[in-house]
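One structure below.
What follows draws every value from the coordinates through simple rules; no lab data is involved. Values in this document were obtained by computation on a predicted structure and should not be read as measured data. Cβ coordinates were reconstructed from backbone atoms using ideal geometry, including for glycine residues, and neighbour counts include every protein chain displayed.
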Amino acid sequence: MHSLYLTTTEPHCGKSLVALGILETISRTTRRIGVFCPVIQTQEPSKRNKNIDLLLTHFQLDIAYEDTYALTVQEANQLLADKRYDDLLNTIIQKYRVLEGKYDFVLCLGSDYGLEPVEFNLNVEVARSLDAHVLILANAFHSTLNELIAAFNTALEVFKAKGCPVVAIVANRVRQKTLKETGESLEQAFREEDVTISVVPDNILLASPTIGEIADQLNAEILYGNDKMDRLAHHFMVIAMQMQNYLARLKPHALLVTPGDRGEIILSALQAQQSTNYPPIAGLILATGEKPAPTVKQLLDGLPSVLPILAVETETYETVTRLNNIHSHITPDNLNKIETSLKLFEEHIDMEAILEHLGRIQSRGIPPKRFLYNLTQWARSDRKRIVLPESTDPRILKATEIITEKGIADIILLGNVEEVTSLINQTGLSIDLKKITLINPVTYPKLEDYATTLYELRKHKGLTEELAMETMHDISYFATMMVYKEDADGMVSGALHTTAHTIRPAFQIVKTKPGISVVSSVFFMCLEDRVLIYGDCAVVPKPTAEELAEIAITSAETAKAFGIFPRVALLSYSSGTSGSGEEVERVRKATQLAQQRRPDLLIEGPIQYDAAVDEKVGRSKMPGSKVAGQATVLIFPDLNTGNNTYKAVQRETGAIAIGPVLQGLNKPVNDLSRGCTVEDIINTVAITAIQAQHK
C-alpha cells in the first residue's frame, strides 16, 4: 500500500476525523507520510486549506504546503471550461508523483465542494489515475437508512466500474439510538462486497462550531468576549419571548439570537451565566443591525467578564438560516476536538482490518492516464532525435508542433524544405523551425554514403549500386538509414504508407537484435481501468510454437521497459488441459518453451481471454494460477485473431490503442496506422524515444 484516497458522498461528512485517525495509525509504522489534495478551495489566497493545515500541523509533517495540492478549484474550473480535462489530470498526476517519490504513504483527500456530478466523477478519475485504494465516507445525520445505503451503493458501483478498489465504507454522524441498526443494515446490504464497514456515532462536540468560526462565517462584529472565541455553540436558540419564559427553555451551551435592542435579554443572559441554576451559555448574536442602548453598553463595559456578544446586520430569520449552514472545522489548536476524533476513530473504525484488506488487493495494472503521462515524462527525461518522413501530412505537422512544445523529442522532418515550410505556414501552426530539423533527402550531403551503405548491406541479395541510389530516394529507406547510421535515434512512419512499406526497410537495414529470430509487434491497449499489452497484432501472420514463445518473452520485456509488470497469457480457445487440437497444442508447446527459457517470468497458457483478464473466471478455470485473471500481456495465436481483437476492443470500448510498436529490432522503428490521430502520433513518438533510451 502506498496511498489511500479518502472521498465523500457529499460535502461536510467529517473528513478531518477520518484523516486524523488514518495518519495516527500509519504514523506508528512510518515517519515518511505525505498529504495530498488534488483540488483545494481558497476564498482568500492567504488562507490555507483547513484539512491540510490540520494534518501538517498536528503530525508535524515535513512537507511544504505548496506541495500538498495540485490546483485551486478556480484553476480546475477554468481548465474544465476550456475543455482541457487531460491537462487537469496530468497536472494532478505530476504533483502527486513528486510526493509519491518522497514518502512511504500518501493520504489523498478528495474534493467535496458540492459541484456534483462533475466533482464526484473527477474524484473517481483522479483515484484511478493515481492507482490509489479508496475509502468512501458518508454523513448519516440527515439521511434515512435507505438513503445512506443508496449513497454508498452508487459510489461503490461507480468506483468498481472504473476499476478503483474500494477498501472501506464509513458512515459518520450516525445517531446514537440507531448505531447498532445502521451497522447491521450496512453489513447486510454489502455482504457481497469485499469492503470493511464502519459506523461512527454523532458527537455534539465535533458538530459544534466555535464562536470564532461563527463570527468569521457570518462576518459579524465582535462586541464583547474577544478572548472567548474558542467557546463551542452546541445549539442555536432564537429568543423572541419574555425573559421569564425563555430562561426555562435554555439548552446547555446555546448561542442565543435576539434583536440588538432587547437589552433585558442581554442582561438576563449574563445573569443566567453566573447562576448555578441555569446551564452554561455559549454567547449571544444581536441581529437586525441594532446595538445595545448606551445605558446597557455602559453597564456591560463596567463588568469584569462578559459573554461573547456578536452583532450582525441581517434580520433574525436570515441570521438563523445562515447559522444553520455553518460547519465546524477541527483546527490544530483545538486539542479537545482532535482527541475526541482520534478516540472515536479508534473505537469505531477498524483500521487494522483496512490495512489487512489493502494487503489482499492486487493492482490491475498501471492506470491509463498515468501510463500516458509517464510516456511523456520518460521521453522528456533523455530527449532523442526521431525522424518523421511523412512531412506533407497535416497530422504529422500538428504532432510535431505539440511534441516540440512539450519537449518530448527532437523532430527531424523529411521533404522539400521550401514546400514543408510553406505547408506549415498555410496550416497556421506555430512550429519553431529553429527547434526542428528539415532535411531534403535529394540534396542531403550524406545521400551517396547512405546509398553505398545500403549497397554493401544488400549486394548479396543482388542489389546494384544504381538501384541502391534509387532506393535511397524512398523516404522510408532514407529515414531508416538515418537511424542505422545514428543520424537519428528512431523513426516513426505509416500515416501515408502501408505497414509493409514502413517496416520492410527496417528488416533489410536495421535487422534484429542478437538472439532474436523474429520481429514482432505489440499494441499498448489503454482500457478504461488499466493498460494491457496485445501481441502480435500486426507483423507475424501465423507464428510457429518457437516464434510464439519468442514473441511472448519479447513482449514481456517490452512491458517491463514501460513500467508494466508482465503476467503473460498465451491465448487459445481452451484453458489449461481442457482442450485439444493442433492450434491448442501449438500454444501449449509455445508456453512450455517460453517457461523453460525464462523461468523468471510469469507465463501461462493455453488460456482463454476471459480467464486471462477476469479474476472470477480465472479462479474458476485455472485455480492457483498467478496469471489467470491478472494477465497484463496477452499473446494471440495468430495475426488474424490478434488484429481483429485489438480493433474490436478499440472500436467497441473507446480504448486508446498505441502501436503497432515493433520489437526485436536493433534500433527503434515504428509504424502508424493510416487512420492515426495526432495523439496516436505523439504517443508513438514518445514510445520510440523511450525504446531508443533503452537501446
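Descriptive notes on the structure:
- Estimated [θ] at 222 nm from DSSP helical runs (n ≥ 4, -39500 (n - 2.57)) normalised by residues in the chain, nearest 500: -13000 deg cm²/dmol
- The simple Förster model, with R0 at 45 Å and r as the Cβ-Cβ distance, assigns ARG191 and THR653 a FRET efficiency of 0.90.
- Fraction of beta bridges assigned by DSSP in the chain that are antiparallel (%, nearest 5): 20
- Using the Karplus relation 6.51 cos²θ - 1.76 cosθ + 1.60 with θ = phi - 60°, the per-residue 3J(HN,Hα) values for the range 631-641 come to 4, 10, 10, 10, 9, 8, x, 7, 5, 4, 5 Hz, with x marking Gly and Pro.
- Diffusion constant of the range 40-144 at 10 °C, which comes from Stokes-Einstein with the Kirkwood Cα-pair radius and 1.306 mPa s, µm²/s: 105
- Residues PHE523, PHE562, sorted so that the one with the fewest Cβ neighbours within 10 Å comes first: PHE562, PHE523
- Around the amide H of LEU137, modelled in the peptide plane, lie the amide H atoms of THR7, THR8, THR9, VAL170, all under 5 Å away and 5 or more residues distant in sequence or on another chain.
- Rounded to the nearest Hz, the phi-derived 3J(HN,Hα) couplings of the range 499-514 under the Karplus curve 6.51 cos²θ - 1.76 cosθ + 1.60 (θ = phi - 60°) are 4, 4, 5, 7, 9, 4, x, 5, 4, 7, 10, 6, 6, 8, 5, x, where x marks glycine and proline.
- For the chain, the equivalent ellipsoid derived from the alpha-carbon gyration tensor has semi-axes of 65, 31, 18 Å in decreasing order.
- Taking every C-alpha pair closer than 8 Å and separated by at least 6 residues, the mean separation divided by the residue count of the chain gives a relative contact order of 11 percent.
- Other residues whose C-beta falls under 10 angstrom from the C-beta of SER521 contribute a net charge of -2, scoring Lys and Arg +1 and Asp and Glu -1.
- Computed FRET value (nearest 0.05) for THR57 with ASP610, which takes r as the C-beta separation and R₀ as 41 Å: 0.20
- Global form of the range 515-664, assessed from the alpha-carbon gyration tensor, a/c cut-off 1.5: rounded
- Here the residues GLU24, GLU466, ranked from fewest to most Cβ neighbours within 10 Å of their Cβ, fall in the order GLU466, GLU24.
- For ALA495, the residues whose amide H sits under 5 Å from its own are LEU672, ignoring neighbours fewer than 5 places away on the same chain, with H placed 1.01 Å from N.
- Annotation for the range 219-293 versus the range 438-501: alpha-carbon center distance of 90 Å.
- Debye-sum result for the range 266-382 in log10 I(q)/I(0), which assumes one identical scatterer on each alpha carbon, at q = 0.19 Å⁻¹: -1.16
- Kirkwood hydrodynamic radius (C-alpha pairs) into Stokes-Einstein, the range 211-324, 25 °C and 0.890 mPa s, D in µm²/s: 177
- Cβ-derived FRET efficiency at R0 51 Å, ILE204 paired with GLN592, nearest 0.05: 0.15
- Extension gain from PHE507 to THR577, taking 0.36 nm per residue of separation minus the Cα-Cα distance: 21.5 nm
- Model label zone, ASP638; criterion: amide N under 18 Å from point 7 Å along Cα-to-beta-carbon; scope the range 508-537: 521, 535-537
- Of the residues GLN596, THR404, GLY302, the one whose Cα sits farthest towards the positive end of the charge dipole of the chain is GLN596 (charges of +1 on Lys and Arg Cβ, -1 on Asp and Glu Cβ, taken about the Cα centre).
- Ordering SER520, SER208 by the number of other Cβ atoms within 10 Å of each residue's own Cβ, fewest first, gives SER208, SER520.
- Database remark: amide H of SER3 closer than 5 angstrom to the amide H of VAL106, HIS133 (H placed geometrically; neighbours at sequence offset of 5 or more, or on other chains; Pro and chain starts carry no H).
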